[in-house]
Amino acid sequence: METNAPLASAERWRLILGRESDPENDVPLDAHARGMDKVLEQLYQPGDRRGGLGASNPSVNRWLGDIRRYFPAPVVQVMQRDALERLNLTRMLLEPELLEGLEPDVHLAGALLALRDALPDTTRATARQVIARVVADLEKKWRLPLLSAARRALRSHRRSMRPRPADIDWPRTIYRNLKNYQPDLKTVIPEKLTGFARQGRALQRVILLADQSGSMAASVVYAGVLGAVLASLPALDTRFVAFDTAVVDLSAYLEEPVDLLFGIQLGGGTDIAGALGYAQMLIEKPGETILFLISDLYEGGSRAAMLQQMEQMARSGVRVVALLALSDEGAPAYDRDNATALAAMGIPAFACTPDEFADVLVRALEGKLPGRR
């Protein structure tokens, strides 16, 4: 919650009664009070504007974060309960026929995660089912392309002329043995096999450092699922850390992505520098570590400390990538000054869709990230 000077009595009544009570703007509001007025209006303004908080609208997740920014915890809890009623989420979760006809998406999952503490016990289990459906759909979509791309990148520099059967690179083997094609048999007789050498220990440590402020709801849901998929690859040691003003290491839940997502507390402030300090403790071999900072870079802590730690990591050999968003929604809102400062250090800062993440990971594994010196 932001701290600010106490509101005057006239300002309090203006916020309670809404903008329509002061058409001439006789009670001016400062920037902080205008922010409070905006989130109150989105939920409580009468008329058609009440439709502004649609359950599948990305703005609902930003709103859920903003109320934590402007109001103390008891007020936040009341507003969350009111949002549940006005979004009809409680009714949706209580009526199976509505749930069956629902197409869960990542924005609904983010909204449910942000509201989970306000959900009645009778609906919490159903909310978990909705989120599980979202996770299952995303895993089904990404598992094969992401793991295939990662395996190719990890194996490309470790060729073997005596591979195990499961590690044979059949396209390359066939190409090298085309001269041995037998027309009578209509097949190639391979004299020389080409494949990949296995390596028992983890080759790379991948750290997903996910900003769990309200504006990053979709990104953090996507990141949790992507992290769970990567954790199933033995050659990668994957860690997942969520943060706002506090840091929580959820790596132990990567095998159960629904549990991982329920460990995320969407909303609140942002302390990127503090999160980077924790991530630094996870870096044992900088040259074998990739750090994805998934954040819009709006730093609520020390900007100087944040930039200094990012530069130190990059100089030590860590492959650092700032993903401004993991989203299909187009260009995100982000702190352009911080993104520019990172680019000047040779640290790429860009948004990408979840479908593009496989290519970004491959480039990181191969050390071919855009923007690196």
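Give me the residue from segment 126-151 that is open to solvent by less than 50 Å² (accessible area, probe 1.4 Å) and of a type in the set (Gly, Ala, Ser) and, out of that set, modelled with the highest pLDDT.
Result: Ala132.
Any chance you could count how many residues in segment 315-343 are open to solvent by 20 Å² or more (accessible area, probe 1.4 Å) and among the aliphatic types (A, V, I, L, M)?
Result for segment 315-343: 4.
Which residue is nearest to Asp82 (Cα to Cα), if the candidates are limited to segment 18-46 and must be within 31 Å of the chain's Cα centre (by Cα) and among the charged types (D, E, K, R)?
Glu41
Restricting to segment 84-109, give me the number of residues that are open to solvent by less than 20 Å² (accessible area, probe 1.4 Å) and at pLDDT 75 or above.
Count: 4.
When you check Met161 against the structure, is it in contact with an Asp or Glu (Cβ under 8 Å, 6 or more places away or on another chain) and modelled with pLDDT under 90, yes or no?
no
Here's a check for you: in segment 233-247, which residue that is of a type outside the set (A, V, I, L, M, F, W, C) and farther than 26 Å from Val362 by Cβ is least open to solvent (accessible area, probe 1.4 Å)?
Asp244
Can you tell me which residue in segment 214-232 is nearest to Gly269 (Cα to Cα), limited to those that are open to solvent by 10 Å² or more (accessible area, probe 1.4 Å) and in contact with a Gly (Cβ under 8 Å, 6 or more places away or on another chain)?
Among residues in segment 214-232 that are open to solvent by 10 Å² or more (accessible area, probe 1.4 Å) and in contact with a Gly (Cβ under 8 Å, 6 or more places away or on another chain), the one nearest to Gly269 (Cα to Cα) is Ser215.
Select from segment 254-289 the residues that are open to solvent by less than 10 Å² (accessible area, probe 1.4 Å), assigned to a helix (DSSP H, G or I) and within 16 Å of Arg315 (Cα to Cα) and list them in ascending order.
Selection gives Leu276, Ala279.
In segment 300-313, how many residues are modelled with pLDDT of 95 or more and buried (at least 16 other Cβ atoms within 10 Å of the Cβ)?
So the answer is 8.
Sort out which residues of segment 4-28 are more than 12 Å from Glu41 (Cβ to Cβ) and either among the charged types (D, E, K, R) or surrounded by fewer than 11 Cβ atoms within 10 Å (Cβ to Cβ) (or both), and write them in order of number.
Those that are more than 12 Å from Glu41 (Cβ to Cβ) and either among the charged types (D, E, K, R) or surrounded by fewer than 11 Cβ atoms within 10 Å (Cβ to Cβ) (or both): Ala5, Pro6, Ser9, Glu11, Arg12, Asp22, Pro23, Glu24, Asn25, Asp26.
Table: residues versus (1) closer than 20 Å to Tyr222 by Cα; (2) of a type in the set (Lys, Arg); (3) in contact with a Cys (Cβ under 7 Å, 6 or more places away or on another chain); (4) assigned to a strand (DSSP E or B).
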position	(1), (2), (3), (4)
Tyr298	yes, no, no, no
Gly301	no, no, no, no
Ala304	no, no, no, no
Ala341	no, no, no, no
Asp355	yes, no, no, no
Lys368	no, yes, no, no
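Over 25 Å from Asp137 (Cβ atoms), basic (Lys, Arg) and in contact with a strand residue (DSSP E or B) (Cβ under 6 Å, 6 or more places away or on another chain) - does that describe any residue in segment 288-309?
no
Consider segment 110-125. How many of its residues are crowded, with 19+ Cβ neighbours inside 10 Å and over 16 Å from Arg86 (Cα atoms)?
2
Which of the residues belonging to segment 215-253 are in a strand (DSSP E or B) and touching a residue at least 24 places away in the same chain (Cβ under 8 Å)?
Leu236, Asp237, Thr238, Arg239, Phe240, Val241, Ala242, Phe243, Val247, Asp249
Does Val258 qualify as being under 24 Å from Leu115 (Cα atoms) and within 15 Å of the chain's Cα centre (by Cα)?
Yes: the conditions hold for Val258.
The values are calculated or read from the model by the stated rules, or taken from the named source; none is laboratory data. This structure is a prediction, so every number in the text was calculated from the model and none was measured. Positions of Cβ are backbone-derived with ideal geometry, glycine not excepted, and every protein chain shown enters the neighbour counts. Note: areas computed on protein heavy atoms with side chains; ligands, DNA, RNA excluded. Shrake-Rupley method; radii C 1.70, N 1.55, O 1.52, S 1.80 Å.
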